[in-house]
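What follows draws every value from the coordinates through simple rules; no lab data is involved. Everything numeric here is computed off the predicted structure, so don't read it as measured data. Neighbour counts run over all protein chains shown; Cβ positions are idealised from the backbone, glycine included.
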Amino acid sequence: MNNDLLARYENIVGPDVVEQLRQMASRLKEARVLHVNSTRYGGGVAEILRSMVPLMEALGLSVRWEVISGDDTFFQVTKSFHNALQGFPIEFTEKAIKIYEENNRKEFEKLEKFLREADFVFIHDPQPAFLIKFMPERKNRWIWRCHIDLSRPYRPVWRYLKNIVVDYDASIFSMPDFTQPLPQPQYIIPPSIDPLTEKNMELPPEEIKSVYDRFGLDPAKPIVLQVSRFDRFKDPVGVIRAALLAMKFLPFQLVYAGGGAADDPEGEIVYQEVLAAAKDHPDIHILYLPPDAHRTINALQRAAQVVLQKSIKEGFGLTVTEAMWKYKPVIGGDTGGIRLQVVNHHTGFLVHTPEGAALRIRYLLFYQDKCYEMGQKAHQFVKENFLITRHVRDYLSLMLAFVCGNGERIELEAL
Ligand code: UDP
């Protein structure tokens, strides 16, 4: 057990929370856990696994994280599946299915040993979901962890994926709205952030201020920020529109900080669309950041007065959690996991249009006391609900449910 790491979490969430994790994990000693996803950098899933794996290990479990690889065609296909599962009709061809299944077969050959050895296999999202089809005689538990908004999928693609997902022993969704009728147990586990990472830890004030110089920002104007991959679901063009509308009434600068993800081939095209929409406006700053710019994003989130996440679809929106943790109220699209985090008028505002976002930007920049108060509530809300310690507790509960069976009560020592 890595007590140093656990002690650092204790400092933030308190000793009782960590003690509960220790007790739950003690029932799972030597359990071998394998996580499989499709990218080690970029995007929320990689972000979560980077923290979850060491914390589970610190608690005494034996944890591996494997990443499936693939060429551009594979990721184009899986990106189109992703878009379809979030509701967009796509051209769903036999060829695409073949590319998807064939790549999973190749990856299965590489990962077979680990997939067999593990007691619990967590498969994240659709990219590696088909791996299960190559192990029909398996004895271990396989759990499909869906991070995306499956509430209104494009049916032909969901029908196909459902045929794969039904083989799993359980599935996990981020919120009830995303579940679909499935025969196996479904668990609701929202994602989380890690307060100890470079992305979320406290920073010295000079480092926060340094973003003005580094990115040519105006120290006299407040920052309104959105951090997102260049992805249409994040509505970057709507963000620019909202900023341009609000800038007619009061001075501020918009920073849109984004980058790509290894499994997202559309980033470059959307980036060009965003540049075109910004039209070299002096108060709109489009930053294309490398995937490891965690401290920079942290500093930008801390330097900002207000944070936007104007997505039109969002599985969860870790960027929302990150900003709220840094005491920022968030103006978020009224969709998916943003609704779990932005409690309208308390921890931020939910909006439907660029006009709505513009109105809320004006409100929060004008009423600074309200902005401060909402930021405080936002931080507390994340502390209580969306930190990695709660997330790991939920995963431990799920594994314990398998180990103990449904009938047995899980006895923890009284705290
Ligand atoms: N992120 C990043 N660089 C970027 C854009 C995003 O490091 O250029 C991070 C962001 O801080 C967050 C994660 O990637 O931790 C994105 O997760 P989210 O759930 O918001 O969206 P996803 O990209 O998974 O759709």
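Farthest toward the positive end of the dipole of the chain, out of Leu161, Tyr395, Ala7, is the Cα of Leu161, where the dipole comes from beta carbon charges about the Cα centre.
Quick one: Tyr395, Tyr160, fewest Cβ neighbours within 10 Å first, how do they rank? Could you put the intermediate results ahead of the total?
Values: Tyr395 24, Tyr160 16.
Taking fewest neighbouring Cβ atoms as first place, the list is Tyr160, Tyr395.
A DSSP coil position with no more than 13 other Cβ atoms inside 10 Å describes the following GluC sites (Glu not before Pro) in segment 57-158: Glu91, Glu137.
Note on the chain: helix-only mean residue ellipticity at 222 nm, from DSSP H runs of 4+ residues weighted -39500 (n - 2.57) and normalised by residue number, equals -14500 deg cm²/dmol. For Met324, Met374, the sequence from fewest to most other C-beta atoms within 10 Å is Met374, Met324. For the chain, relative contact order (Cα pairs under 8 Å, six or more residues apart, normalised by length) works out to 17 percent. Over segment 168-287, Cα pairs under 8 Å with separation of 6+ residues give a relative contact order of 20 percent. Label separation (Thr197 vs Thr353): 3.6 nm, computed from points 7 Å beyond Cα along the C-beta direction.
When only DSSP loop residues count, what trypsin sites (Lys or Arg not before Pro) in segment 95-187 have their Cβ near at most 13 other Cβ atoms within 10 Å? Answer in residue order: Lys139. Mean separation of Cα pairs under 8 Å and 6 or more residues apart, divided by the residue count, gives segment 244-328 a relative contact order of 28 percent.
Between Arg229 and Gly259, the built amide H atoms are under 5 Å apart, and every one of these is 5 or more places off in sequence or on another chain.
I need Lys29, Lys383 ordered by Cβ neighbour count within 10 Å, fewest first.
Lys29, Lys383
Put a plus charge on the Cβ of each Lys and Arg, a minus charge on the Cβ of each Asp and Glu, and nothing anywhere else: the dipole of the chain about its Cα centre is then about 580 debye. In the structure shown, the pairs Lys79/Lys370; Lys79/Lys199; Lys95/Lys279 are assessed against 29 Å; a Cα-Cα span above that value is assigned to Lys79/Lys370; Lys95/Lys279. Summarising the amide proton neighbourhood of Glu266: residues at separation of 5 or more, or on other chains, whose placed amide H is nearer than 5 Å comprise an empty set.
Of the trypsin sites (Lys or Arg not before Pro) found in segment 167-256, those in coil by DSSP whose Cβ has at most 11 other Cβ atoms within 10 Å are Lys248. Kindly identify the chain as rounded, prolate or oblate by the Cα gyration tensor criterion: order the square roots of the eigenvalues as a ≥ b ≥ c, call it rounded if a/c is under 1.5, otherwise compare a/b with b/c, prolate if a/b is larger, else oblate. Cα axes put the chain in the oblate bin. For Val63, the residues whose amide H sits under 5 Å from its own are Val33, ignoring neighbours fewer than 5 places away on the same chain, with H placed 1.01 Å from N. I'd like the FRET efficiency for Phe366 and Glu137, computed as 1/(1 + (r/R0)^6) with the beta carbon distance as r and R0 of 56 Å, rounded to 0.05. Plugging the Cβ-Cβ distance into 1/(1 + (r/R0)^6) gives 0.30. Distance between the 7 Å Cα→Cβ label points at Ala276 and Glu91: 2.1 nm. If you take the square roots of the eigenvalues of the alpha-carbon gyration tensor of segment 185-234 and sort them as a ≥ b ≥ c, do you get rounded (a/c under 1.5), prolate (a/b over b/c) or oblate? Oblate, since a/c reaches 1.5 and b/c is not below a/b. Look at where the Cα atoms of segment 63-105 and of segment 28-55 average out, and the two centres are 20 Å apart.
Report the convex hull volume per residue for segment 276-411, counting only C-alpha atoms, in Å³.
On the way: hull volume 21.1 nm³, N = 136.
Measuring per residue, one finds 155 Å³ for the Cα hull of segment 276-411.
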